[in-house]
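The values are calculated or read from the model by the stated rules, or taken from the named source; none is laboratory data. It should be emphasised that the depicted structure is a prediction, and the values quoted were computed from it without experimental measurement. Counting neighbours? That spans all protein chains shown, and the Cβs are built from the backbone with ideal geometry, glycine included. Note: areas computed on protein heavy atoms with side chains; ligands, DNA, RNA excluded. Shrake-Rupley method; radii C 1.70, N 1.55, O 1.52, S 1.80 Å.
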Amino acid sequence: MQARENCIFCRIVAGTARSHPVWDDGETLAFMDLNPLAEGHVLVIPKPHWENLFETPAPALGAVMDTAKRMAHAIRATIAPPGLGVYQVNGRAAGQTVFHYHVHLIPRHDGISLELHGRRRADRADLERVAVRLRAALVPPG
């Protein structure tokens with residue numbers, strides 16, 4: 001994918017926007033978040049521009065996760081947080097503000113987490129109906 005002039009992460013990759021890089025392996029870039037939630041908050045991106053998870057090819061996703069794991073070990077070794085949040089969102093409704101695929105690694109010391117589960121148990125028949133629809137929509141990897 002081509003870099004986009006209006007994308008801050010593409011400008012960081014191109015070296016025309018300032019950042020605080022931590023890792024660059026040619027495929028991915030890890031750098032400090034300018035508005036960190038905690039000390040050691042790192043972003044990991046693929047160097048080519050893809051807007052979100054849906055557009056990013058599987059090899060690039062794998063490269064990002066390999067770098068995320070490398071960065072997680074570095075965060076644990078240097079900052080030693082009791083927890084580490086790994087977050088990725090897609091689309092404005094999910095909270096995405098920079099439309100270049102990226103993963104946040106956020107050291108957590110506070111015990112506060114995102115709501116990842118609802119407060120009531122779902123009906124099993126409803127779960128199965130949705131599972132059937134999802135299975136039917138799956139396409140082979142590739």
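A few notes on this one:
- In region 69-88, the qualifying residues are those that are part of a helix (DSSP H, G or I) and within 15 Å of the chain's Cα centre (by Cα), and the one that is surrounded by the most Cβ atoms within 10 Å (Cβ to Cβ) is Met71.
- Single residue of region 13-26 satisfying the filter (out of contact with any Leu (no Cβ under 8 Å at 6 or more places or on another chain) and among the hydrophobic types (A, V, I, L, M, F, W, C)) that is surrounded by the most Cβ atoms within 10 Å (Cβ to Cβ): Val22
- Applying a threshold of 9 Å to beta carbon distances and a minimum spacing of six or more residues, or different chains, the list of pairs starting in region 50-71 at a residue that is within 21 Å of Cys7 (Cα to Cα) and ending at one that is in a helix (DSSP H, G or I) reads Trp50/Ala60; Leu53/Leu61; Thr56/Val64.
- Of the residues in region 48-68, at least one is assigned to a loop (DSSP other than H, G, I, E, B) and in contact with a Ser or Thr (Cβ under 7 Å, 6 or more places away or on another chain).
- Restricting Leu61, Leu29, Leu53 to those that are open to solvent by less than 60 Å² (accessible area, probe 1.4 Å), at pLDDT 95 or above, within 16 Å of the chain's Cα centre (by Cα) and over 14 Å from Leu105 (Cβ atoms) reduces the list to Leu61.
- Identity of the residue in region 32-41, more than 16 Å from Gln96 (Cα to Cα) and hydrophobic (A, V, I, L, M, F, W, C), that ends up most open to solvent (accessible area, probe 1.4 Å): Met32
- Output for region 11-26, where each listed residue is part of a helix (DSSP H, G or I) and either under 18 Å from His104 (Cβ atoms) or under 15 Å from the mean Cα position of the chain (by Cα) (or both): Ile12, Val13
- Every residue from region 89-142 that is open to solvent by less than 100 Å² (accessible area, probe 1.4 Å), closer than 21 Å to Glu39 by Cβ, assigned to a loop (DSSP other than H, G, I, E, B) and not aliphatic (A, V, I, L, M): His102, Asp110, Gly111, Ser113
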